[in-house]
Amino acid sequence: MPSIGHLLQTFFDSSDLFIDAMLLTLQLTVVSILVGIVIGLFFALLKISNIKALEWISNTYVYLVRGTPLIVQIFILYFGISGIFLIPDFWAAALALAFHNGAYIAEIFRGTIQSVDKGQMEAGRSLGMSKALTMRRIILPQAFRRSLPPLGNQFIIGLKDSSLAAFISMNELFNVATTLGSNNFDEMTYLLIVAFYYLVLVAILTLIVRAIEKKLAVSDR
Amino acid sequence: MYTREMIHIENLNKSFGDLHVLKDVNVTVKESDVVCLVGASGSGKSTLLRCVNFLEKKDNGKIIIEGKEITQDTHDINEVRQKVGMVFQHFNLFPHMTVLENIIEAPVHVKKIPKDEAIKEAKALLQKVGLDDKADVYPSKLSGGQKQRVAIARALAMKPDIMLFDEPTSALDPELVGEVLSTMKELAEEGMTMVVVTHEMGFAREVADWIIYMDEGIIVEKAKPEEFFTNPKEERTKEFIQTIGLK
Ligand SMILES: Nc1ncnc2c1ncn2[C@@H]1O[C@H](COP(=O)(O)OP(=O)(O)OP(=O)(O)O)[C@@H](O)[C@H]1O
Ligand SMILES: [Mg+2]
């Protein structure tokens with residue numbers, strides 16, 4: 001084990017590189033969650049469409065994502081996407097992560113949409129609102145509120161999962177840690193440092209999720 | 001004088017799986033009529049009401065609204081529903097919107113009425129139901145009786161020709177029932193055509209033009225209130241009146 005002094009010294013010496021890496025990690029995570037929300041909403045709506053073929057598509061998507069390791073998905077999508085389109089590595093990585101997050105977010109949305117009392121849909125319909133309009137104006141806003149805490153948790157999971165983007169040469173936190181570690185023949189020091197960065201990020205995010213949960217509980221109507 | 005038939009139902013049948021809930025039901029409701037639908041739990045009152053609003057899909061039979069036979073295939077159900085307001089037992093207000101937003105939602109987004117005009121009309125409706133001070137409040141801050149009056153205002157905002165009420169006071173504390181019933185009574189006096197599923201026999205007796213007694217999916221008797229309570233024709237109706245008299 002490295003000594004505390006050595007750890008601190010290395011921590012401060014490497015902070016520039018790690019802070020850049022942390023920003024990239026955050027960017028990857030934010031983009032992959034935001035795109036994942038769009039994908040997730042789309043597949044959640046397919047799932048509740050009551051149309052067998054669409055439900056099947058949605059189920060298959062979720063099944064594929066849940067049934068295969070993330071690293072395999074990342075490699076397949078990374079080589080798949082960059083083999084067909086010329087897009088920056090960042091976007092290939094972000095889309096691969098979004099594809100993965102989307103399945104879990106689809107399940108979050110499906111659950112919260114179905115948790116809205118069915119009287120809400122009936123009230124909207126009885127006023128002459130179409131199903132789509134009622135969905136957009138009445139059901140989804142309520143479902144989104146309820147989705148915020150689980151989305152926050154998915155964000156935390158997504159943040160840690162983004163470390164796998166290291167394997168497709170993203171210079172995010174984990175990649176910087178392993179690279180510095182092997183260059184300096186000091187893997188353990190850098191791994192402990194990167195663990196610390198993740199812990200701080202997750203701690204901050206956890207506080208944000210808790211604050212949202214608390215706010216929703218207060219205004220829960 | 002000839003009065004228009006607002007609702008005309010012919011040989012309506014509806015089953016849930018093996019459960020035959022409505023059996024060859026025939027009902028006519030004329031303009032400005034207040035019809036109270038009474039009967040034991042599970043007799044099919046809600047189902048009948050919901051069929052009129054197409055929240056349930058009939059198996060067969062005719063549903064004629066204002067002279068036009070309506071089917072899901074030939075008519076835009078959303079348009080029909082604009083003429084037929086519905087008030088639910090559990091209010092079903094939109095919890096993420098203020099009282100005012102609840103009321104203007106459909107006029108603005110379905111009828112495309114300019115927002116300021118819709119707000120003006122909504123405020124007039126709130127005044128009518130005695131809640132003009134609650135416009136900017138969220139439903140969670142209202143009592144049950146207030147919620148139900150907002151729900152009535154919300155339905156009225158679409159300027160319906162017919163109002164359906166499914167046990168509008170059943171979820172209320174006893175002391176809050178009166179305020180909702182008096183709002184409904186006012187509406188009846190203004191000439192609104194109303195179909196009301198209710199267990200409030202006092203209201204039925206006082207306000208209804210007709211009382212329809214349903215049992216096991218069959219319309220047993222339709223009579224004027226006086227007749228219904230004092231001189232029912234059918235044996236089953238007599239029994240029903242006795243049981244409610246015991247309460
Ligand atoms: N969606 C449904 N699926 C299956 N069965 C249903 C459904 N809705 C109603 N039923 C059944 O149909 C029958 C009639 O129900 P309905 O709600 O119309 O009765 P009701 O007269 O309104 O009773 P209550 O006074 O309890 O409201 C009941 O046996 C009920 O369990
Ligand atoms: Mg009922």
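The values are calculated or read from the model by the stated rules, or taken from the named source; none is laboratory data. No experiment lies behind these values; they were computed from the predicted model shown. Virtual Cβ from ideal backbone geometry, glycine too; neighbours counted across all protein chains shown. SASA here: full protein model, heavy atoms, side chains in, ligands and nucleic acids out. Shrake-Rupley method; radii C 1.70, N 1.55, O 1.52, S 1.80 Å.
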Exercise. What percent of all Cα-Cα pairs in the stretch B:8-127 falls in each 10 Å bin, counting up from 0?
Worked result: 11, 35, 32, 19, 3, 0
Seminar exercise, completed: With Cα springs under 10 Å, the Gaussian network model of chain B assigns the largest mean-square fluctuation among B:Ser15, B:Ser32, B:Ser43 to B:Ser15
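Kindly give Rg over Rh for chain A, based on alpha-carbon atoms, with the Kirkwood expression for the hydrodynamic radius. Provide the component values of the computation, followed by the final result.
On the way: Rg = 20.8 Å, Rh = 19.4 Å.
Rg/Rh for chain A comes to 1.07.
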For this session: Could you rank B:His199, B:His109 by how accessible they are, 1.4 Å probe, largest area first?
Result: B:His199, B:His109
For this session: Choose one of A:Ser169, A:Ala96, A:Phe11: the residue whose Cα lies farthest towards the positive end of the charge dipole of chain A (beta-carbon charges +1 Lys, Arg; -1 Asp, Glu; about the Cα centre).
Result: A:Ala96
Problem set entry | Cross-link table A:Lys118/B:Lys134; B:Lys112/B:Lys147; B:Lys23/B:Lys62; B:Lys30/B:Lys112; B:Lys45/B:Lys159, entries beyond 18 Å C-alpha to C-alpha | A:Lys118/B:Lys134; B:Lys112/B:Lys147; B:Lys30/B:Lys112; B:Lys45/B:Lys159
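Compactness ratio of the stretch A:1-109: Cα Rg over 2.2 N^0.38 Å, N = residue count? Display every interim value, and only then the final one.
On the way: Rg = 18.4 Å, N = 109, 2.2 N^0.38 = 13.1 Å.
Taking the Cα Rg and dividing by 2.2 N^0.38 Å, one obtains 1.41.
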Problem set entry | If the convex hull is drawn through the Cα atoms of the stretch B:72-189, its volume per residue in Å³ | 107 Å³
Exercise. Which whole number gives the average, over all residues in B:88-96, of C-beta atoms from other chains lying within 10 Å of the residue C-beta?
Worked result: 6
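When the helices in chain A are scored as -39500 (n - 2.57) per DSSP H run of 4 or longer and the sum is shared across all residues, what 222 nm value do you end up with, to the nearest 500 deg cm²/dmol? Can you show the working numbers first?
On the way: 10 runs with 179 residues, N = 221.
Here the helix-only value at 222 nm equals -27500 deg cm²/dmol.
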Seminar exercise, completed: Whole-percent carbon and sulfur contribution to the accessible surface of chain A (1.4 Å, no ligands, DNA or RNA) stands at 70 percent
Exercise. What does the accessible area of A:Glu172 come to, in Å² to the nearest 10, when a probe of 1.4 Å is used?
Worked result: 0 Å²
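What does the average come to when, for each residue of peptide A:133-140, you count the partner chain Cβ atoms lying within 10 Å of its Cβ? Let's see the in-between values first.
Numbers: counts 5, 4, 0, 1, 7, 6, 1, 0.
Neighbouring Cβ atoms belonging to other protein chains average 3 per residue here.
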Exercise. In a shell of Cβ-Cβ distance under 11 Å around A:Gly111, excluding A:Gly111 itself, what net charge do Lys and Arg (+1) and Asp and Glu (-1) give?
Worked result: +2
Exercise. How are the Cα pair distances of the protein assembly as shown distributed, in percent, across 20 Å bins from 0?
Worked result: 20, 39, 24, 13, 3, 0
For this session: Based on a Kirkwood Rh over C-alpha pairs, give the Stokes-Einstein translational diffusion coefficient of chain B at 10 °C and viscosity 1.306 mPa s in µm²/s.
Result: 85 µm²/s
Seminar exercise, completed: GNM on chain A, Cα springs under 10 Å; top mean-square fluctuation among A:Leu23, A:Leu173, A:Leu97 goes to A:Leu23
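What fraction, in whole percent, of alpha-carbon pairs in the stretch A:97-183 exceed 19 Å separation? Before the final figure, lay out the partial values.
Values: 2083 of 3741 pairs.
For the stretch A:97-183, the fraction of Cα-Cα distances above 19 Å is 56 percent.
With the cut-off at 20 Å, report for the stretch B:138-247 the share of all Cα pairs above it, as a whole percent.
Details: 2714 of 5995 pairs.
In whole percent, the share of Cα-Cα pairs in the stretch B:138-247 beyond 20 Å is 45.
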Exercise. Most fluctuating residue of B:Ala171, B:Ala155, B:Ala208 in a GNM of chain B with Cα springs under 10 Å: which is it?
Worked result: B:Ala171
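Quick one: buried accessible area between A and B, total over both chains, 1.4 angstrom probe, nearest 100 Å²? Don't skip to the answer; put the middle values down first.
On the way: alone 12430 and 12090 Å², together 22600 Å².
The contact between B and A buries close to 1900 Å².
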Problem set entry | Heavy-atom SASA rank of A:Asp13, B:Asp209, B:Asp166 (probe 1.4 Å, accessible area, largest first) | A:Asp13, B:Asp209, B:Asp166
For this session: Report, to the nearest whole %, how much of the accessible area of chain B belongs to carbon and sulfur atoms, 1.4 Å probe, protein only.
Result: 48 percent
Seminar exercise, completed: Here D for the stretch B:107-174, in µm²/s, from Stokes-Einstein with a Kirkwood Rh over Cα pairs at 20 °C and 1.002 mPa s, works out to 166 µm²/s
